[in-house]
Amino acid sequence: MNIDATMVGALIAGAATIAIYSYLYEENAVYRLAESLLIGLATGNVVAITWDAVRRAAFVPLVGGQVIWIIPIVLGMIMYLYFLKQYSYLYRIPLAFLVGVGTGLTIRGSVSANLIDQLVGTINADFSNPSNWLMLLGIVASTLYFVFTFGGQGKTGYYSQFHSRFSTLGRWFLMAAFGATFGNVVQGRISSAWGRVGSLLTPPAIYEVPIAIAIFVIYLIYRKRKHT
Amino acid sequence: MKFDSRWIYVAVFLTIGIPILAPIGLPVLITPTTRGMFDAIQNLPSGSIMYLGIDFLAVSQPELLPMSTAVYKQAISRPISIVMACFSTTDCPLFTQRIIQQIGYGSKKYGEDIVFLGYFPGLETPIAAFAKDVRSVVSVDAFGTPISQLALMNRVKSAADFNLWVVMTSGDYVPYLRQVQSPYHIKMAFGTSSPEYPTGLVYYQSGQIVGLLNGLRGAAEYELLIHSPGSAAGGMDAQSVTQLFIIVAVIGANALYFSRRKKK
Amino acid sequence: MLGNLEVHNALVSLIVGRTSVMIFAIVIGIIVIYFLATTKRDNLPKVRRLAGLDAIKEAVGRAVETGRPVHFTPGWTERQLYTGGSGGSGGAADILAGMSVLSYLARTVADYGSRLIVTLGSAELVPMAGEIVRNGYMAAGKADAFKPEDIIFFSSDQFAYAAGVMGLVKREQIAANVMVGPFLAESLLFAEAAYQVGSIQVAGTPSVFQTPFFVAVCDYVLIGEECYAAGALLSEDPHQLGSIRGTDISKVLVVAILLVGVLLSVLGSKVVVQLLKT
Amino acid sequence: MPASKTLAREVPLIITFLLGVLTVADYGVQEPTLQGLSSTAQSWVVVIAGFAVGIGVINLLRGQWYRVKTRQKGWYNNALLITTLALTSVWGIIATTKDPTYSYVYFNLTVPLTVTVFGMLAFYIASAAVRSLRLRNIDAGIMLVAAALVMLRNIPAGAAIWSSLPAIGGWVLDYPNLAAQRGIVIGIAIGVVAVGVRTILGYERGYLALSGEEKK
């Protein structure tokens with residue numbers, strides 16, 4: 001491996017990190033530059049990867065004699081009619097294709113994983129453990145929190161009062177879950193920042209830090225002068 | 001009065017950065033799940049075949065790269081054969097190649113003791129096919145050599161030929177459980193990023209996996225176990241100091257909030 | 001990246017049967033369609049108001065006062081429209097929910113005479129969102145005010161899209177930020193960026209893992225299923241409201257099954273689990 | 001134009017209906033012909049969506065080019081975006097993404113940029129925590145306590161303060177947290193079926209943006 005290329009690479013990466021983090025102070029010209037670079041590079045990468053995937057999935061079999069692949073290719077091209085005013089409505093045909101399959105997959109995936117698995121998981125819990133009774137209460141309360149049409153404001157019936165108390169309990173469970181999720185995510189987020197800060201603070205990138213600080217200070221002084 | 005969040009950013013930068021420059025070396029206790037993976041690799045009898053998937057997204061690099069490096073180092077030091085492949089994203093093969101470039105093959109000979117088969121897009125479908133019949137998915141390795149010319153691959157026909165299956169991934173490990181572990185009952189262990197760890201524990205407790213690494217912390221523990229301190233150990237200091245700072249700052253903000261409210 | 005619950009669910013799915021999935025889908029479907037078809041103007045159900053939805057008008061009003069634009073984004077939705085998503089998320093439904101809020105938002109913005117910027121992280125949404133916004137302006141009788149260049153696709157790469165949105169939010173100093181749809185890690189990036197420019201924020205995502213960040217930072221939040229109900233509540237169409245009534249009945253039914261199952265399980269019979277697994 | 005009206009309205013609705021029913025039915029019935037049709041549809045969808053990327057890119061380039069052409073503030077950034085996008089995609093297609101120079105740029109510029117954006121979350125999560133985790137009322141208080149307990153569970157310092165702290169944090173994750181997550185997810189499942197059934201049967205057609213035409 002070429003040492004020079006590695007070093008230059010580390011310097012480029014360091015500069016990129018500083019440019020993005022400069023946003024934390026305020027949105028600025030350096031960030032804007034990095035933002036444009038990132039969008040250009042990443043979207044270009046998506047184009048290259050997608051092209052390769054479509055080529056292998058559709059064009060290669062088509063050339064190999066599987067004529068049927070002409071259909072998705074044509075459907076894909078119809079999408080571009082969106083840009084022609086006169087025929088723009090035709091984009092709905094491929095879109096309907098996507099939505100149809102997507103909705104079907106969503107229904108079956110959601111019912112099995114989100115509904116039945118949760119019911120089975122709960123019923124199978126060990127109810128000699130008192131904590132699981134609390135969990136059952138929490139599940140019922142938070143499910144009923146999402147009832148929208150029962151016990152409207154006008155009604156003061158017995159059920160209505162019961163439901164409003166119960167959904168308050170549900171909200172408390174929701175808040176506990178939000179807090180727990182929040183707290184649990186913190187460590188993963190720190191790790192990702194640690195990775196970038198770490199490579200920024202190892203040579204050769206670390207030499208860019210004083211330069212960046214110097215530029216920042218000069219900028220602050222310049223701005224103060226300009227305002228006074 | 002609105003507090004300027006930027007002071008918090010500075011503090012977070014310092015709590016992450018200072019332990020990197022001046023490691024405190026807070027003690028890292030080895031969790032059983034980490035030792036589980038270490039022991040599984042360490043106790044593989046000579047001549048065993050291990051699958052190693054270095055299979056994560058680029059954004060998970062800070063946690064997963066040190067972890068994968070440590071596991072790779074341990075694996076090449078053992079008298080076993082290693083088959084590597086990727087199924088998750090286009091980033092994966094690049095990371096595997098990077099680790100190979102940096103560490104090399106140790107005393108192993110490519111083709112006889114270790115192979116890298118490359119990347120197969122589609123996750124679950126190719127995993128299932130690979131497990132059933134390796135040759136239905138793979139015809140050449142990552143470097144374009146036909147696998148018929150690789151001595152090691154003559155011993156690998158399906159998932160049943162593996163003694164241990166290790167995947168370092170940022171999330172999608174369930175397909176391996178579904179397609180490899182449950183049908184073939186292969187010993188399995190995962191390295192994951194920290195948000196996935198709590199659920200991974202469910203599979204550890206149920207005995208479906210023998211080891212599980214918890215993000216940066218798991219990586220730091222592993223570096224300790226293989227006696228090769230790397231970047232992750234320092235990361236744990238940053239982790240502890242920063243989280244402690246956040247907790248203290250939250251408590252401080254609450255105290256301030258209440259003292260202000262009392263005055264009014 | 002998958003979340004905990006999703007990973008867990010995916011494994012549990014191994015043991016779940018297909019018949020029960022079909023039965024649930026069909027029964028819930030029938031209940032929803034029944035109420036959808038039978039609800040008329042004269043038998044409207046009483047509906048709990050969602051503060052988050054009422055706040056949309058307030059937010060747009062603020063935008064008009066300050067002369068700054070309104071921003072909408074449905075989150076990073078790469079592939080979600082046609083792959084069904086996984087575990088804790090609602091796949092295509094999350095996007096459709098976001099789009100019905102967008103449709104209402106576009107009409108409101110056109111009515112009030114403010115400017116709406118829509119940012120997207122998924123290419124297949126470009127024609128969809130574009131047409132929805134155009135229609136919103138048309139419905140308000142201001143077709144000329146629609147600017148196609150305000151429908152902005154940044155990238156299908158999650159963080160390139162995020163960087164673009166963060167830059168835009170600050171450059172345009174948006175006054176109101178509405179985010180409804182399937183969100184991943186970018187949720188907090190957007191919420192904080194918009195907080196710093198002082199915008200009113202209405203956010204909602206069915207994702208269990210991102211809701212906490214919206215709750216922490218945004219002014220009004222739609223939680224879980226509220227996102228799916230949003231479109232129906234905003235439309236004030238009796239059929240749509242009827243469909244909400246249908247989902248409520250279904251929830252009570254599910255809770256009843258759960259309680260019966262637990263009761264029988266405590267008494268030593270796993271019959272409900274066996275039924276669910278068929 | 002009755003023909004085009006059919007193409008614009010009825011045909012998309014019929015397509016959504018047929019594919020939606022096919023995809024759901026394939027899961028429940030497990031019949032080879034159905035499964036074949038369904039998996040064909042799923043593989044086509046990937047191709048169609050692949051083409052859609054081009055729509056996004058055209059939209060992006062149009063907007064950026066407009067800013068360059070009219071010399072809006074910071075137009076040179078837009079020009080830079082167009083150039084890097086063009087170079088990366090052409091290069092990536094011709095030389096493939098395995099090209100050493102391509103992957104050099106990818107690893108030393110694209111990846112650090114994306115990871116840094118992701119890494120900003122560490123700063124934001126801290127400021128969001130300090131600002132919003134307050135004992136303002138019962139709701140906020142519950143959130144604060146749960147968050148603090150789980151954070152203390154995740155760091156060695158938690159056990160150092162009190163040896164039972166990690167267990168308490170774990171309990172919060174395993175019971176109250178799981179309970180509410182299940183509640184939310186059950187609601188989502190039912191909501192998804194409602195949205196899905198309405199979409200497949202053509203009651204929900206917002207995504208087709210037909211409303212403008214429906215007004216007579």
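The values are calculated or read from the model by the stated rules, or taken from the named source; none is laboratory data. From a predicted model like this one, the values you see are computed outputs, not experimental measurements. Here the Cβ positions follow ideal geometry from the backbone for every residue, glycine too, while neighbour counts run over all protein chains shown.
Data overview
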quantity	calculated
Failed criterion for C:Ser156 (all others in (1) of a type in the set (Ser, Thr, Tyr); (2) assigned to a loop (DSSP other than H, G, I, E, B); (3) surrounded by fewer than 24 Cβ atoms within 10 Å (Cβ to Cβ) hold)	(3)
Residue in the stretch B:237-259 that is part of a strand (DSSP E or B) and more than 26 Å from B:Gly17 (Cα to Cα) present	no
Odd one out for B:Leu224, checked against (1) hydrophobic (A, V, I, L, M, F, W, C); (2) under 18 Å from B:Ile20 (Cβ atoms); (3) at the interface with another protein chain (Cβ under 10 Å from one of its Cβ atoms)	(3)
Scan of the stretch B:143-171 for residues that are among the charged types (D, E, K, R) and farther than 22 Å from B:Ile41 by Cβ, ordered by number	B:Lys157
Some residue of the stretch C:238-251 being in contact with a strand residue (DSSP E or B) (Cβ under 7 Å, 6 or more places away or on another chain), touching a residue at least 12 places away in the same chain (Cβ under 8 Å), within 11 Å of chain D (Cβ to nearest Cβ) and surrounded by 24 or more Cβ atoms within 10 Å (Cβ to Cβ)	no
Residues of the stretch B:3-47 classified as assigned to a helix (DSSP H, G or I), within 26 Å of D:Ala129 (Cβ to Cβ) and not hydroxyl-bearing (Ser, Thr, Tyr), total	14
Conditions (1) surrounded by fewer than 24 Cβ atoms within 10 Å (Cβ to Cβ); (2) in contact (Cβ under 8 Å) with a residue 40 or more places away in the chain; (3) within 19 Å of the chain's Cα centre (by Cα): number failed by C:Arg107	(2)
Of the criteria (1) among the hydroxyl-bearing types (Ser, Thr, Tyr); (2) closer than 21 Å to B:Gly215 by Cα; (3) part of a loop (DSSP other than H, G, I, E, B); (4) out of contact with any strand residue (DSSP E or B) (no Cβ under 8 Å at 6 or more places or on another chain), which one B:Ser107 fails	(2)
Qualifying residue in the stretch B:170-179 (condition: buried (at least 23 other Cβ atoms within 10 Å of the Cβ) and without any contact (Cβ under 8 Å) to a residue 24 or more places away in the chain)	yes
Subset of the stretch B:116-143 (residues that are modelled with pLDDT under 80 and β-branched (Val, Ile, Thr))	B:Thr125, B:Val137
Lone qualifier among A:Ile70, A:Ile139, A:Ile93, A:Ile107 - being within 7 Å of another protein chain (Cβ to nearest Cβ) and free of Cβ contacts under 8 Å to residues at least 12 places away in the same chain	A:Ile107
Output for the stretch A:9-49, where each listed residue is under 19 Å from D:Thr101 (Cβ atoms), more than 7 Å from every other protein chain (Cβ to nearest Cβ) and of a type outside the set (Gly, Ala, Ser)	A:Leu11
Subset of the stretch B:48-76 (residues that are among the small types (Gly, Ala, Ser) and either without any contact (Cβ under 8 Å) to a residue 60 or more places away in the chain or part of a helix (DSSP H, G or I) (or both))	B:Ala58, B:Ser60, B:Ser68, B:Ala70, B:Ala75
Hits in the stretch D:18-29 (condition: modelled with pLDDT of 90 or more and over 24 Å from the mean Cα position of the chain (by Cα))	D:Leu18, D:Val21, D:Leu22
Failed criterion for C:Ser155 (all others in (1) closer than 23 Å to C:Ser199 by Cα; (2) within 11 Å of another protein chain (Cβ to nearest Cβ) hold)	(1)
Any hit, the stretch C:50-65, residues being β-branched (Val, Ile, Thr), more than 26 Å from A:Val99 (Cβ to Cβ), out of contact with any Asp or Glu (no Cβ under 7 Å at 6 or more places or on another chain) and away from chain A (no Cβ under 13 Å)	yes
Matching helices (runs of 4 or more DSSP H) fully within the stretch D:74-181 where at least 2 residues are on the phi < 0 side of the Ramachandran plot and touching a Lys or Arg at 6+ places or on another chain (Cβ under 6 Å)	D:75-94, D:111-132, D:165-172
Any hit, the stretch B:81-91, residues being assigned by TED's automatic domain parsing to the domain that holds B:Phe162, closer than 26 Å to B:Ser194 by Cα, in a helix (DSSP H, G or I) and out of contact with any strand residue (DSSP E or B) (no Cβ under 7 Å at 6 or more places or on another chain)	no
Tabulated pairs, the stretch D:162-185, first facing chain A (nearest Cβ under 7 Å), second surrounded by fewer than 23 Cβ atoms within 10 Å (Cβ to Cβ) and among the aromatic types (Phe, Trp, Tyr), C-beta under 9 angstrom, 6+ apart or interchain	D:Pro176/A:Trp172; D:Ala180/A:Trp172
Condition broken by D:Ala8, with the remaining ones in (1) without any contact (Cβ under 8 Å) to a residue 12 or more places away in the chain; (2) part of a helix (DSSP H, G or I) satisfied	(1)
Filtered residue count, the stretch C:225-278, keeping only those that are in contact with a Gly (Cβ under 9 Å, 6 or more places away or on another chain) and at positive phi	0
Test: residue in the stretch C:165-175 that is surrounded by fewer than 24 Cβ atoms within 10 Å (Cβ to Cβ), more than 7 Å from chain D (Cβ to nearest Cβ), in contact (Cβ under 8 Å) with a residue 12 or more places away in the chain and on the phi > 0 side of the Ramachandran plot	yes
Residue that is farthest from A:Leu75 (Cα to Cα) [pool: residues in the stretch A:19-36 that are surrounded by 23 or more Cβ atoms within 10 Å (Cβ to Cβ) and among the hydrophobic types (A, V, I, L, M, F, W, C)]	A:Ala19
Scan of the stretch D:84-104 for residues that are more than 7 Å from chain A (Cβ to nearest Cβ) and either surrounded by 15 or more Cβ atoms within 10 Å (Cβ to Cβ) or among the charged types (D, E, K, R) (or both), ordered by number	D:Ala86, D:Trp91, D:Lys98, D:Asp99, D:Tyr102, D:Ser103
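For every residue, the table says whether it meets (1) without any contact (Cβ under 8 Å) to a residue 12 or more places away in the chain; (2) out of contact with any strand residue (DSSP E or B) (no Cβ under 7 Å at 6 or more places or on another chain); (3) closer than 22 Å to C:Ala92 by Cα.
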site	(1), (2), (3)
D:Gln35	yes, yes, yes
D:Val45	yes, yes, yes
D:Val53	yes, yes, yes
D:Leu60	no, no, no
D:Gln64	no, yes, no
D:Arg67	yes, yes, no
D:Asn77	yes, yes, no
